[in-house]
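Input: a single structure, listed below in structure tokens.
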Amino acid sequence: MSMNITRRRLLGAAGAAVALAAAGRSLLPSAYADTPRHHLSAASRVIDIRGRAATVWGLRRPDGGNGLELMPGERFHLALHNRMEEPTIIHWHGLTPPSDQDGVTDTGYVGLIPPDGQAVYDFAARPGTHWMHSHAGLQEQQLLAAPLIVRSAADLVADHQEVVVMLHDFSFRAPDEILAGLTGMAGMDHGAQGHGAMNHGTMRHAPAGPDLNDVEYDAFLAEDRTLDDPLVVRTERRGRVRLRVINAAAATAFRLDLGGHIARVVAVDGNAVPAQEVADVPLAQGQRVDLLVDMPAQGGVVPLFATREGDTIRTGILLATPGAVVARLSDRAAQPAAPVDAMLERILVPADAPVGPPTRQVEMVLEGGMMPYRWTIDGRSWADRRPVQARAGDVLAMTMVNRSGMAHPMHLHGHHFRVTAIDGRPVSGLLRDTVQVVPGSAVTIAVTADNPGRWLFHCHSLYHMATGMMTELVYV
Ligand SMILES: [Cu+2]
């Protein structure tokens, strides 16, 4: 599917939304529309990338902050205002709303929100580290994303400092250009590449083995900053910090480390797990991880590094106790980061009971490649998808077999699922909403069908989704 087709389709939907807005109505039924407690504006903002100004999108609160934080038990009752010059829609990644409030247009419930339009949402929030991002075109690449933190009662009484870290991959090029650079590769041989890759976003070709990164970027950001000028968070000596790390990058998976300090993983994709020490934490696109860090008694600096898989380039933030000297840290790790895999699914054990035996089984094959640049599910793209079907109450066992040369972080909307097997071998059943499926592997998830409607199921690598790797789960 080319982006031209996508754009026409989106503009068609926008036309309907414009008509609604012209009639003076919001995009959702009036039952949702009484005085929202929270407001967010999708709007442009300017960030600094190593001294060069970059205009990107953001999701701003009235107080100027980016994103949203809800208190325990608070509903997600929000008015979203589009202050951009183009239509948009924002998906609430990790929340489990009714399907007509999921923040997507592809499933047909709502159209795009036109410029100067708004939409109102009202549903029960799910505790955890979540996020929000555009589900229109390639806007996510232009940083139209923000944290969405829903605090639990336990968070409020915990004796720790909370720090949110959102990761991005950034290019000065327009995302359309990046995509054209990828899809336009058909017919060119590898020898035509190999120079100017960093600034021109062309593909990188490993001589053999899986492809880890298909887009080159100008910078990798943590809280919108590079390691040249990182965020420095002041902490107490012996203080405990909870890092809520969100991989909002469009096409980059990271490995996280604390520069030799040890972190404990306490949640994945917003779901609590018993604390487990992990030295090197894989984080694919769309995934989140919560890490507990104990600051040294004698004081000092503890970095959080996020290193791109298969590469040494990294970004990060610094935690620093009072008086600690903050030295400049290199944006290159000593060793390339290992590929991001489903390692956490093998070592973490969920706190609660796993689901019962499946009532329905589905297998799907993830395919595709660079030449031509196209990614599919069972050989099909969105336009000719074969939806996965479920009845309410089913436990759906879905096995994804990756026969392509790249990993795919597969995300199901509206549900959290158990990861029950890897390559046919049972694993503990970690609860997630996005799971990494590496080349040559098969990952089985169990989905409890408890949220009727139509739901997107797709690869969270933006250019894989845009070129076809998306289907839907439909309740019948
Ligand atoms: Cu993919």
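List of remarks:
- Amide H within-cut-off set for LEU430, under 5 Å, with H built and near neighbours excluded: VAL419
- Of the Cα atoms belonging to the chain, the radius of gyration and Dmax stand at 21.3, 64 Å.
- Shape of the range 61-169, Cα gyration tensor, a/c cut at 1.5: prolate
- Interchain or long-range residues, amide H under 5 Å from ARG126's placed H: THR96
- 3J(HN,Hα) along the range 244-254, derived from phi through the Karplus expression 6.51 cos²θ - 1.76 cosθ + 1.60 where θ = phi - 60°, amounts to 9, 9, 10, 8, 9, 5, 6, 9, 10, 9, 10 Hz, with x in place of Gly and Pro.
- Under 5 Å, built H, 5+ apart or other chain: amide partners of PHE172: ASP218
- For the range 360-475, DSSP calls about 75 percent of its internal beta bridges antiparallel.
- Tensor-based shape of the range 360-475 (alpha-carbon gyration tensor, a/c under 1.5 rounded, otherwise prolate or oblate): oblate
- Inter-centroid distance (Cα atoms) of the range 99-142 relative to the range 210-228, Å: 25
- Karplus-based coupling profile of the range 105-120, in residue order and whole Hz: 9, 4, 7, x, 6, 9, x, 5, 8, x, x, 6, x, 8, 9, 10, with θ = phi - 60° in 6.51 cos²θ - 1.76 cosθ + 1.60 and x standing for Gly or Pro.
- Over the range 90-139 - Rg/Rh using Cα atoms and the Kirkwood inverse-distance radius: 0.95
- Of all DSSP-defined beta bridges confined to the chain, some 75% are antiparallel rather than parallel.
- Relative exposure of ASP176, ASP394, judged by other C-beta atoms within 10 Å (fewest first): ASP176, ASP394
- Tensor-based shape of the range 279-356 (alpha-carbon gyration tensor, a/c under 1.5 rounded, otherwise prolate or oblate): oblate
- Residue-wise HN-Hα coupling along the range 361-378, computed from phi with Karplus coefficients 6.51, -1.76, 1.60 (Hz; x: Gly, Pro): 10, 9, 10, 9, 10, 8, 10, x, x, 7, 10, x, 7, 7, 10, 9, 10, 6
Computed from the coordinates by the stated procedures, all read-outs in this text should not be read as laboratory data. Here the structure is a predicted model, which is why all the values come from computation and not from measurement. Heads up, the Cβs are rebuilt from the backbone with ideal geometry, glycines too, and the neighbour counts pull from every protein chain shown.
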